[in-house]
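The values are calculated or read from the model by the stated rules, or taken from the named source; none is laboratory data. Predicted model only: the values in this text are computed from it and were never measured. Don't worry about glycine lacking a Cβ; one is built from the backbone with ideal geometry, like all the others, and counts go over all protein chains shown. Heads up: the accessible areas ignore ligands, DNA and RNA and are worked out on the full protein's heavy atoms, side chains in. Shrake-Rupley method; radii C 1.70, N 1.55, O 1.52, S 1.80 Å.
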Amino acid sequence: MKVDVAIVGAGPAGLCFARSLAGSGLSVAVVERQPPEAIAGPAFDGREIALTHASRAILERLGLWQRFDPDEVSVLRDARVSNGEAAAGLDVSAADGRSGQLGWLVPNHLIRRAAYDLVATQPDVQLLAGRGVAGVSRQSGGMGLALEDGGTVQARLLVAADSRFSQVRRMLGIGARSRDHGRQMLVARVAIERPHRHVAWEWFGYGQTLALLPLNGDRASVVLTLPPADMARIVAMDDAAFGAEMERRFRGEVGAIRAQGTRHVYPLVSVFADRFCVPGAALVGDAAVGMHPVTAHGFNLGLQGQATLAEVVLEAHRRGADIGAAEVLARYDRRHRAAAWPMYAGTRLVVRVFTDDRMPVRGLRAAILGTVNRLPPLRRAIAGRLTQAA
């Protein structure tokens with residue numbers, strides 16, 4: 001099979017990139033190891049994605065936002081960050097960003113489903129589901145993919161969107177800085193007794209990190225980060241014991257907590273690729289940058305990255321240039337690196353400081369939050385980053 005663009009990975013980044021090429025005349029193949037039914041009807045995975053105003057604008061342009069069930073889209077109005085045992089913390093209000101809300105929460109599986117539904121009916125796109133990649137080779141005029149079932153794909157441009165543990169990235173010879181944080185993250189939907197008023201709460205406790213994400217009605221998503229040995233005890237609890245445990249850990253701030261649905265646990269590993277491209281190939285999404293979820297930047301950054309790559313590729317295509325040329329992809333590398341590195345480094349710093357429970361660092365944590373809370377320009381800068389439309 002010969003196409004203009006081969007995308008490996010049918011997650012949100014890969015499918016949104018395919019959608020970004022709609023109407024361009026470029027032929028696209030999306031290669032995904034999962035079977036067709038898994039990508040056509042993704043199951044609930046516990047993850048509620050915090051979308052910024054800029055991300056909403058991208059999703060609207062791609063046609064995804066219009067497909068979300070409004071009852072599943074929850075407004076993120078304000079945010080509070082607490083430290084240790086202190087009741088006070090950093091408060092970031094939508095008013096600081098001169099907007100009605102900081103952002104929105106949308107279930108990850110609904111984003112994936114909307115992206116698939118659009119791409120599946122998009123002309124010039126072939127979905128090769130249930131087919132893994134066995135090898136990558138550089139060929140005259142582009143890149144070649146050897147599939148595990150014996151098939152082949154030749155493309156002028158190869159795009160790796162196959163997760164932070166990307167096999168294609170390794171096959172391309174691109175290294176990555178990877179850090180296993182030695183923690184696991186549990187996410188689950190719950191019912192809460194007291195109203196959340198659409199305020200997200202993140203609490204850097206001693207020995208744990210907790211977050212409460214406001215969903216519509218009396219529902220919320222709880223996020224708990226613990227070492228694996230401690231997490232195993234939480235996972236083994238029945239629903240009643242889990243609800244009581246979450247109520248205890250949240251110190252009764254939202255009253256009684258009742259489990260709703262399934263719990264999901266993920267390892268915490270962050271990744272930053274040494275390069276985002278080589279001649280003929282580029283990385284997008286978590287294959288380029290896999291963020292620690294503590295600052296909720298990962299999905300938004302991946303969405304921004306695919307949009308940047310699409311802009312560069314489409315501009316080259318309109319000029320009649322080689323879309324896989326080194327100088328074309330280098331523009332993507334420079335622009336996305338400039339956007340990604342400050343976020344990645346800043347998030348790493350937050351994780352390093354706010355998960356260090358040693359006594360000298362505890363004081364530093366409190367001082368940082370107190371200083372930012374007392375300086376309106378800093379709060380406005382944080383809120384402005386979230387509410388900026390583009």
Matching residues, the stretch 196-205, being open to solvent by less than 50 Å² (accessible area, probe 1.4 Å) and over 14 Å from residue 82 (Cα atoms): 196, 198
Give me the residue from the stretch 105-134 that is open to solvent by less than 20 Å² (accessible area, probe 1.4 Å) and free of Cβ contacts under 8 Å to residues at least 60 places away in the same chain and, out of that set, farthest from residue 61 (Cα to Cα). 106
When (1) assigned to a strand (DSSP E or B); (2) without any contact (Cβ under 8 Å) to a residue 40 or more places away in the chain; (3) of a type in the set (Asp, Glu) are applied to residue 180, the one that fails is (2)
Among the residues of the stretch 271-316, write down those that are assigned to a loop (DSSP other than H, G, I, E, B) and open to solvent by 30 Å² or more (accessible area, probe 1.4 Å). 274, 275, 279, 296, 297
Quick check on the stretch 285-298. Is at least one of its residues over 25 Å from the mean Cα position of the chain (by Cα) and closer than 30 Å to residue 156 by Cβ? no
Take the residues in the stretch 317-361 that are in contact with a His (Cβ under 9 Å, 6 or more places away or on another chain) and in a loop (DSSP other than H, G, I, E, B), then tell me which one is least open to solvent (accessible area, probe 1.4 Å). 323
In the stretch 20-49, the residues that are of a type in the set (D, E, K, R) and either touching a Gly at 6+ places or on another chain (Cβ under 7 Å) or farther than 19 Å from residue 106 by Cα (or both): 32, 33, 37
Give the residue that is most open to solvent (accessible area, probe 1.4 Å), with candidates limited to residues of the stretch 241-264 that are touching a residue at least 60 places away in the same chain (Cβ under 8 Å) and not in a strand (DSSP E or B). 256
What is the residue count in the stretch 206-226 for residues that are in a strand (DSSP E or B), among the polar types (S, T, N, Q), over 22 Å from residue 366 (Cβ atoms) and open to solvent by 10 Å² or more (accessible area, probe 1.4 Å)? 0
Criterion violated by residue 43 - all others in (1) among the hydrophobic types (A, V, I, L, M, F, W, C); (2) under 16 Å from the mean Cα position of the chain (by Cα); (3) within 21 Å of residue 188 (Cβ to Cβ) satisfied: (2)
Please go through (1) at positive phi; (2) in contact with a strand residue (DSSP E or B) (Cβ under 6 Å, 6 or more places away or on another chain) for residue 285 and return the number of the only condition it doesn't satisfy. (2)
Within the stretch 14-26, is there a residue that is touching a His at 6+ places or on another chain (Cβ under 7 Å) and open to solvent by less than 40 Å² (accessible area, probe 1.4 Å)? yes
Subset tally (residues that are over 12 Å from residue 186 (Cα atoms) and surrounded by 13 or more Cβ atoms within 10 Å (Cβ to Cβ)) for the stretch 227-240: 2
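Checking the condition surrounded by fewer than 18 Cβ atoms within 10 Å (Cβ to Cβ), more than 18 Å from the chain's Cα centre (by Cα), modelled with pLDDT of 95 or more and under 30 Å from residue 224 (Cα atoms), which residue from 148, 193 passes?
Going through 148, 193 in turn, the sole match is 193.
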Suppose we keep only residues that are acidic (Asp, Glu) and in contact with a strand residue (DSSP E or B) (Cβ under 6 Å, 6 or more places away or on another chain) within the stretch 157-194. Which one would you say is nearest to residue 107 (Cα to Cα)? 162
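Taking strands (runs of 3 or more DSSP E) that fall entirely within the stretch 1-116, which contain at least 2 residues that are more than 26 Å from residue 146 (Cα to Cα)?
Output list reads 48-51, 74-76, 78-83, 89-93, 103-107.
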